[in-house]
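For reference, the structure discussed in these notes is given below.
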Amino acid sequence: MKNVVVHILALMLVHVASAQVPPANKLDEYMETGMEVAGVRAPYYDEEGNLKAQLYGGYAKILEGGVADVTNLRIDVFEGKKVFMSLFAPQCFTRMEEKNGQKLLMVYSEGDVLIDMDQMTITGKGFRFSSAENKFEVLHNSRVVVKESAREMKGAEF
């Protein structure tokens with residue numbers, strides 16, 4: 001089972017890793033502490049301009065240091081034009097970092113998280129995503145439910 005989880009996370013990271021903010025995105029220059037926004041939508045594109053991920057939030061408030069407190073988070077990760085994976089969380093924090101002239105996204109929470117894919121659903125408590133490290137982690141009480149369609153996967157070793 002451990003190998004299955006490792007393969008799942010590796011697969012997720014391949015698709016999420018390229019979801020970086022385009023260099024033209026200057027949203028953080030307009031954010032001020034205390035600013036509140038309803039109906040947040042933030043797309044992330046690869047170097048060729050293809051939509052790789054889209055972050056939605058019901059409500060966001062900018063805290064000190066440019067950290068955004070986001071409620072009702074959903075992140076859709078795309079493979080081509082199709083949603084490959086969706087992540088849901090009732091509350092999280094996001095912030096942008098700049099590393100080597102590139103803007104990178106950090107998302108983290110201690111609350112519930114649900115990740116839905118065609119072949120499986122993953123739930124847990126607390127998560128971290130870093131586009132700088134190309135890493136997504138469910139921190140506590142993770143559970144993986146493999147859906148019936150996963151039995152049809154070719155090349156998977158169980």
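Taking Rh as the Kirkwood radius, which is the inverse of the mean 1/r over Cα pairs, what is the Rg/Rh value for the stretch 99-138? Radius of gyration over Kirkwood radius for the stretch 99-138 works out to 1.08.
Using the 1.4 Å probe convention, the accessible area of the stretch 31-83 works out to 58 Å² per residue with neighbouring protein chains retained.
Here the simple spin-label model places points 7 Å from the Cα toward Cβ, and for Glu32 and Asp46 these points are separated by 3.9 nm.
The values are calculated or read from the model by the stated rules, or taken from the named source; none is laboratory data. Quick caveat: nothing in here was measured; it's all calculated off a predicted structure. Reconstructed Cβ throughout: ideal geometry from the backbone, glycine too, with neighbour counts over all protein chains shown. For accessibility, only protein heavy atoms count, side chains too; no ligands or nucleic acids. Shrake-Rupley method; radii C 1.70, N 1.55, O 1.52, S 1.80 Å.
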